[in-house]
Amino acid sequence: MAPEKVARLEAIAARTWQRTLDDRIGLSHEKRSARRACRRPPLPVTERLLADKPEHVVERGPQDLVPRQSLGFKLKTPRISTTRRASTTSRSRAAR
């Protein structure tokens, strides 16, 4: 990526905002149960606009660990499947 684009992303990521609502509102039961381990900060809370939070990390399940050697691949399967952010998840669902 061009250095000026990286600098622009870093400037956007450095911005903060005040969240006044619980970020568990509107989540499915599955997502809500996955976030129980995350602490719930008192509101309002100041957050970075672009932040990698622990709840964004999606680890691979046993069903994802298919032996790929039988398919001719010799790559190690990463532990983390993806890193999701709430805004990209809702945007991708709307596009479907």
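From the phi angles alone, apply the Karplus equation (6.51, -1.76, 1.60; θ = phi - 60°) to the stretch 34-41 and give each ³J(HN,Hα) in whole Hz, x where the residue is Gly or Pro.
Listing the rounded values in order: 5, 9, 4, 6, 7, 6, 9, x Hz.
Using the charge dipole of the stretch 1-49 (Lys, Arg: +1 at Cβ; Asp, Glu: -1 at Cβ; taken about the Cα centre), state which of Ala37, Ala2, Trp17 has its Cα farthest towards the positive end.
Comparing the listed Cα positions along the dipole, Ala37 ranks first.
Count charges around Arg79 for me, please; just the other residues with Cβ under 12 Å from its Cβ, Lys/Arg as +1, Asp/Glu as -1.
Within the 12 Å Cβ shell, the charges total 0.
FYI, it's all coordinate maths here, none of it is from the lab. What you are looking at is a predicted structure, and each value in this text was computed from that prediction instead of being measured. Please note: Cβ atoms are built from the backbone with ideal geometry, for glycine as well, and neighbour counts cover all protein chains shown.
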